[in-house]
1. If you go through the stretch 143-161, how many residues are in contact with a Ser or Thr (Cβ under 8 Å, 6 or more places away or on another chain) and either part of a strand (DSSP E or B) or modelled with pLDDT of 90 or more (or both)?
2. Which residues, taken from the stretch 162-181, are modelled with pLDDT under 80 and surrounded by 15 or more Cβ atoms within 10 Å (Cβ to Cβ)?
3. Given F5, F12, F39, which one is surrounded by 11 or more Cβ atoms within 10 Å (Cβ to Cβ) and either in contact with a Phe, Trp or Tyr (Cβ under 9 Å, 6 or more places away or on another chain) or farther than 30 Å from N110 by Cβ (or both)?
4. Give the number of residues within the stretch 60-84 that are at pLDDT below 80, crowded, with 17+ Cβ neighbours inside 10 Å and within 15 Å of the chain's Cα centre (by Cα).
5. Do we have any residue at all in the stretch 14-23 that's at pLDDT below 95, part of a helix (DSSP H, G or I) and of a type in the set (G, A, S)?
Amino acid sequence: MRNAFSMITAIFVILIMATVAILVMSTSGKIIKETSIQFRKEQAMLLARSYTELAVLAVTNYNRNTSSDCIEDIDGVVNALIPGDSPATGVSSTNGGGYDVQTRIYYLGNNLPCSNSRKLNDSTDTSRSNTVISTDYNDTSSSDAIAGIIVDVYVRYKDPDVSTPSGSPWITYHRRTLQKI
C-alpha cells in the first residue's frame, strides 16, 4: 500500500515539474522573440538618426550655387539583403536581416538654386521632380536662399524569425526632421 502511494506521488511531482518546464520554455521563447523585435527596432531608429545626420551634412557640404542642383535622395542597404533581390521585394539575409534605408530631402526657401535633382547614391531614377517648398520670406538678398530642409528617413526591414521571410511584410520605421540650414 505504501509503495503505491509513493508511486502516485512521484508521478504527480513529475507532472508538476513537466508543466513548470513547459511554462519556462514558453516564457523564455517569448522573451527571446520580444528582445529580437526590440533590437531590430532600436537598430532602425539608430539608422534613421544616422541617415538624418548624413543628409544634413550632405546638404551643407554640397555647393548648390555652382551646379544649380541639390541632393534629394540618399538611399542605402545596410547589412545586405540576399543578392539578386531588390530592396523593394527582397528578403532578409541569413545573418539577421538587412535594412533598406530611403532618405528624402525637401528644401524650404525662396529663390533656391535647385533646378536639377541629384541623388547621393548616383541612381538615375528621376521620379521626384518637385522637392522645393516655396515660402514667403522678405529677405531674398542672400546668395544662398535655403532656409531649411525637411528630411524624411524610411528604414525598412523584415522579421528574420519568420519561416518564410519572402512572404512577410516589411516593417517600416519613419523619422521626419526639420533642420535649419
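The values are calculated or read from the model by the stated rules, or taken from the named source; none is laboratory data. Small disclaimer: the values here were computed from a predicted structure and weren't measured. Glycine gets a Cβ as well: all are built from the backbone with ideal geometry, and neighbour counts include every protein chain shown.
1. Selection size over the stretch 143-161: 9.
2. P165, S168
3. Result of the check over F5, F12, F39: F39.
4. Residues flagged as at pLDDT below 80, crowded, with 17+ Cβ neighbours inside 10 Å and within 15 Å of the chain's Cα centre (by Cα) within the stretch 60-84 amount to 1.
5. No - not one qualifying residue is present in the stretch 14-23.
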